[in-house]
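First up is the structure itself, then whatever we jot down about it.
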Amino acid sequence: MTDESAYAASGVSVEAGKESVAQMQAAVEATYTDSVLSPLGSFGSAFALGQALHDPVLISGTDGVGTKLLLTIAAQKYDTIGQDLVAMVMNDVLAQGAKPLFMLDYLAVDKMRPEVVATLVKGVAQATKTIGASLIGGESAELPGMYAKNHYDLAGFGVGVVERDALLSAENAQAGDVLIGLPSSGLHSNGYSLVRRVLGLETDADFTKLPEAMQQTLLEPTRLYQPALNPILGMDGLHSMAHITGGGIVENLPRAYDETLAAELEWGSWPILPIFDILQKQGNLSLEDMLLTFNNGLGMVLAVAPDAVNAMMQQFNTHDEPAYIIGKLQPRTTSDIEWKGQAPWPMTFD
């Protein structure tokens with residue numbers, strides 16, 4: 001018996017792995033720019049920064065997509081979750097003002113199914129290309145015994161670059177800064193453990209029995225914010241940004257300003273998508289539950305100097321990108337966020 005056949009007998013198919021690479025290769029290489037110096041399959045991935053930058057700072061991030069994966073398994077739909085991965089990683093990198101450069105992905109599966117693996121990686125590649133970055137490497141691992149049948153995990157690592165003097169940080173934010181919110185495309189990739197409990201999604205069949213519109217809503221990929229933000233990166237007056245992910249507005253927005261400041265937010269200043277009302281009502285969730293778990297319609301929040309707001313809003317309008325003035329920064333007295341207006345949901349339930 002050869003080594004390969006022994007390995008196959010243990011549940012790992014080398015040939016299926018090679019076929020997966022062959023099917024994904026064109027999509028991956030389509031993301032390459034002149035800065036990519038190593039071909040697919042190299043031991044390491046080489047990326048040249050070039051000489052156009054004066055004092056470059058690299059910004060890196062890593063993330064996964066959580067239990068949203070379970071819904072893609074139930075639906076047997078694998079073409080959009082790659083965008084979720086790229087968005088979760090690169091929106092964080094973007095929040096510090098960095099131009100996305102490259103991604104690497106990690107895919108672990110119970111069994112190498114070339115068409116499924118290729119579809120997953122093609123989704124990562126397409127989203128990476130959308131934001132002007134390159135998918136320069138990754139790893140696909142077949143781990144029999146580690147995952148249940150048809151299950152997999154997907155994670156990524158990304159890098160962007162920004163000039164040191166253009167770096168966005170909490171230290172730049174000032175009292176009086178106006179907060180501009182960019183809408184989310186839905187749940188993005190956070191809160192799906194609660195979503196599954198609220199909607200009673202214990203099995204694959206539970207998901208596929210949902211109305212098709214609801215299935216599509218739950219699988220809607222996380223928004224890539226680079227296309228909307230690229231025109232305003234580097235503009236005077238853009239001080240900091242917050243990517244609203246796990247922990248919602250209440251845990252992520254304060255990361256965009258220091259402990260001397262607080263955000264004053266106005267309820268009703270941005271639209272809350274219907275899916276959030278559905279989950280709140282069906283799960284009997286409190287305002288605190290909603291704020292700590294979901295983005296509630298906001299995916300990115302910018303802190304902008306008052307005299308730069310009009311120019312920035314005009315840029316969004318020119319590119320047909322919806323944006324909402326949702327509040328301002330002010331000196332902190334008690335909490336790091338103060339809410340104004342009528343909240344959409346009760347604070348607590350008895």
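Residues that are within 16 Å of Ile131 (Cβ to Cβ) and surrounded by 14 or more Cβ atoms within 10 Å (Cβ to Cβ) within region 203-238 comprise Pro221, Thr222, Arg223, Leu224, Tyr225, Gln226, Ala228, Leu229, Asn230, Pro231, Ile232, Leu233, listed in sequence order. For Leu285, are the conditions met, namely being assigned by TED's automatic domain parsing to the domain that holds Gly247 and under 17 Å from Ile244 (Cβ atoms)? Criteria not met by Leu285. Take the conditions assigned by TED's automatic domain parsing to the domain that holds Glu266, out of contact with any His (no Cβ under 7 Å at 6 or more places or on another chain) and either crowded, with 16+ Cβ neighbours inside 10 Å or within 29 Å of Ala52 (Cβ to Cβ) (or both) and apply them to Gly248. Does it pass? Yes; evaluated as a whole, the condition is true for this residue. Go through region 172-202 and count every residue that is over 16 Å from Gly297 (Cβ atoms), surrounded by fewer than 20 Cβ atoms within 10 Å (Cβ to Cβ) and touching a residue at least 60 places away in the same chain (Cβ under 8 Å). Residues flagged as over 16 Å from Gly297 (Cβ atoms), surrounded by fewer than 20 Cβ atoms within 10 Å (Cβ to Cβ) and touching a residue at least 60 places away in the same chain (Cβ under 8 Å) within region 172-202 amount to 10.
Confirm whether Leu253 is in a helix (DSSP H, G or I), in contact with a strand residue (DSSP E or B) (Cβ under 8 Å, 6 or more places away or on another chain), at negative phi and surrounded by 20 or more Cβ atoms within 10 Å (Cβ to Cβ). So Leu253 passes the test.
Asn296 falls short on exactly one of the conditions (1) closer than 30 Å to Gly234 by Cβ; (2) not aromatic (Phe, Trp, Tyr); (3) not assigned by TED's automatic domain parsing to the domain that holds Gly237, and that condition is (3).
Against the condition within 20 Å of Pro231 (Cα to Cα) and not in a helix (DSSP H, G or I), how does Gly97 come out, does it pass? Here the answer is yes, as Gly97 does meet what is asked.
One line per residue, one yes/no per condition, for (1) under 16 Å from Asn295 (Cβ atoms); (2) part of a loop (DSSP other than H, G, I, E, B); (3) not aliphatic (A, V, I, L, M):
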site: Leu201; (1), (2), (3): no, yes, no
site: Ala213; (1), (2), (3): no, no, no
site: Ala228; (1), (2), (3): yes, no, no
site: Ile275; (1), (2), (3): yes, no, no
site: Gln280; (1), (2), (3): yes, no, yes
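Considering each residue of region 127-146 in turn, none proves to be over 23 Å from Thr245 (Cβ atoms), assigned to a loop (DSSP other than H, G, I, E, B) and modelled with pLDDT of 95 or more. Is it the case, given these coordinates, that Asp165 is surrounded by fewer than 18 Cβ atoms within 10 Å (Cβ to Cβ) and either among the hydroxyl-bearing types (Ser, Thr, Tyr) or over 30 Å from Ile136 (Cα atoms) (or both)? Answer is no for this residue. Restricting attention to region 152-182, which residues are part of a strand (DSSP E or B) and over 20 Å from Asp63 (Cβ atoms)? Across region 152-182, the qualifying residues are Glu163, Val178, Leu179, Ile180, Gly181. Of all the criteria given as (1) farther than 20 Å from Met300 by Cα; (2) surrounded by 22 or more Cβ atoms within 10 Å (Cβ to Cβ), the one not satisfied by Leu104 is (2). Reported count of residues in region 330-346, each being more than 25 Å from the chain's Cα centre (by Cα) and aliphatic (A, V, I, L, M), is 1. Which one is modelled with the highest pLDDT among residues in region 13-40 that are of a type in the set (Asp, Glu) and touching a helix residue (DSSP H, G or I) at 6+ places or on another chain (Cβ under 9 Å)? Checking each candidate, the answer is Glu29. Of Gly61, Gly82, Gly97, Gly66, all but one fail to be on the phi > 0 side of the Ramachandran plot and buried (at least 21 other Cβ atoms within 10 Å of the Cβ); the exception is Gly97.
Criterion first (of a type in the set (D, E, K, R), modelled with pLDDT of 95 or more and not assigned by TED's automatic domain parsing to the domain that holds Lys68) does Asp177 satisfy it? For Asp177, the condition - of a type in the set (D, E, K, R), modelled with pLDDT of 95 or more and not assigned by TED's automatic domain parsing to the domain that holds Lys68 - is met.
The values are calculated or read from the model by the stated rules, or taken from the named source; none is laboratory data. Small disclaimer: the values here were computed from a predicted structure and weren't measured. Using ideal geometry, Cβ is built from the backbone for each residue, glycine included, and neighbour counts are taken over all protein chains shown.
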